[in-house]
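Here, each number is a calculation from the coordinates, and none is a lab measurement. Not measured: the values here are computed from a predicted model. Because the Cβ atoms are built from the backbone with ideal geometry, glycine has one as well, and the counts that use them run over all protein chains shown.
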Amino acid sequence: MSKISIIGAGAIGATTAFALQQKQVAREIVINDVNQEKALGEVLDLIHGSALNSPCTVTLGALEDTKDSDIIIITAGVAQKPGETRLDLVDRNYKIFKSFVPTIAKLSPDAILLVVSNPVDILAYMTYKLSGFPKERVIGSGTVLDTTRLRSLLGKYLGIDGRVVQGYVLGEHGDSEFVPWSSLTIGNIPIKDFSNQLSIEWDEATEKIIADDVKNAAYEVINRKGATTFSVAAVLTRIVEALLKDEKTILSVSTLLNDYCGVNETYLSVPTIVGKNGVERALSIEFSEEEEGKFVNSAKLMKQYIDRINEN
Ligand SMILES: NC(=O)c1ccc[n+]([C@@H]2O[C@H](COP(=O)([O-])OP(=O)(O)OC[C@H]3O[C@@H](n4cnc5c(N)ncnc54)[C@H](O)[C@@H]3O)[C@@H](O)[C@H]2O)c1
């Protein structure tokens, strides 16, 4: 049972606090936002339902109140408006991050920082730099959300439990992400064989439709309801649970890669062992030539943004 702080009580931060409360994994949740009135409204609403769960205090806090957190979830900043990409947010959100990351890092020197704000891979890297923390304790939520979307949509298409899909979305959490179909299995059976057995159509066109649906999922939701909330909150709760319970599970979080397919000093998502120390190990995966090209392309794009920020 732990202390979790959430910086940013907007659509994602507030829904995540609710999901954490329902999952009963924390003893204390501190919510911080520059918009104190809105944040207080969220805190009161959460307190009012709290008697249904195991005790967990929920408070509105200044940055100082995040002191000695075990995990700090960072969802502060601007979100995509219809028509914007995640990368369009980088300068505005980096400026916001500079205003609080050094402070929260000093107040909770042993915490794990879970970066969610977009563009998440670039901001996770910048948080790693601004905090001075070891790379293991600065994690981007990366493509855990996209991987969950992939499993959910594939499960729906194939008419099976999405949890038996063994496969990930990798690379950037954004438009250059990709699905390494060559290693994806369903119950240990390559997806083509599985589909054949069930007489379900499966070809490259189907792969592209599913991968595009996953990639464009956020746009589809944002265009209609303004923000993604439930799926992100569920995913963040899943990551927190894996950290607190020392699960040593494998999640496609965004982590600092060095000497990985020739990629260096870049945060990107790959299958990663996650436990109580944060990132325990980023695993290598056998890519096809085309997949490796996509991965390297994602990395190059991230590096361009990181280099531009570092130059300014
Ligand atoms: N990584 C993912 O999978 C994922 C998924 C969805 C959204 N996001 C990103 O998460 C971020 C939040 O999205 P949202 O929909 O909740 O946005 P939102 O606009 O609803 O909330 C952002 C909140 O941050 C607060 N804020 C701004 N500056 C702050 C500061 N200095 N300190 C504390 N709080 C501050 C704002 O007041 C606001 O309440 C966005 O960048 C969005 O793109 C990431």
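Quick notes on this one:
- Tilt relative to the chain, helix 289-311 - C-alpha long axis, 0 to 90 degrees, to 10: 30 degrees
- Taking the square roots of 5 times each eigenvalue of the Cα gyration tensor of region 2-140, largest first, gives ellipsoid semi-axes of 24, 18, 12 Å.
- Annotation: the antiparallel percentage among DSSP beta bridges lying fully within the chain is about 50.
- Folded to 0 to 90 degrees: helix 120-131 orientation relative to the chain principal axis, Cα: 40 degrees
- Note on region 115-163: percent of Cα-Cα distances in each 10 Å bin, starting at 0 and stopping at the bin with the largest distance, equals 27, 33, 21, 16, 3.
- Cross-link reach list, lysines versus residue 225, counting only Cα pairs under 20 Å and skipping chain neighbours closer than eight places: 38, 81, 215
- Cα-based helix-to-principal-axis angle, 11-23 vs the chain, degrees rounded to 10: 90 degrees
- Under a Gaussian network description of the chain, with springs only between Cα atoms under 10 Å, the residue in 61, 167, 262 that fluctuates furthest is 262.
- Alpha-carbon centroids, region 127-148 and region 13-49: separation in whole Å: 22 Å
- Summarising the overall dimensions of region 144-311 from its C-alpha atoms, the Rg and Dmax are 16.3, 54 angstrom.
- Exposure proxy ranking, count of Cβ atoms within 10 Å, fewest first, for 3, 156, 67: 156, 67, 3
- With N counted as the residues of the chain, its alpha-carbon radius of gyration over 2.2 N^0.38 Å works out to 0.98.
- Taking Cβ atoms as reference points and 15 Å as the exclusive limit, the residues near residue 193 contribute a net charge of -2, counting Lys and Arg as +1 and Asp and Glu as -1.
- Burial ordering of 266, 57, 143, fewest other beta-carbon atoms within 10 Å first: 57, 266, 143
- Residue-span extension gain [residue 84 to residue 40] - 0.36 nm each, minus C-alpha spacing: 12.9 nm
- Gained length - residue 201 relative to residue 54, 0.36 nm times residue gap less alpha-carbon distance: 48.2 nm
- In order along region 88-95, the phi-based Karplus estimate (6.51 cos²θ - 1.76 cosθ + 1.60, θ = phi - 60°) of 3J(HN,Hα) comes to 5, 8, 4, 5, 4, 6, 5, 4 Hz; Gly and Pro are listed as x.
- Packing-based exposure ordering (other Cβ within 10 Å, fewest first) of 33, 68: 68, 33
- Overall form of region 57-132 per C-alpha gyration tensor (a/c, 1.5; a/b vs b/c): prolate
- Gained length - residue 224 relative to residue 64, 0.36 nm times residue gap less alpha-carbon distance: 53.9 nm
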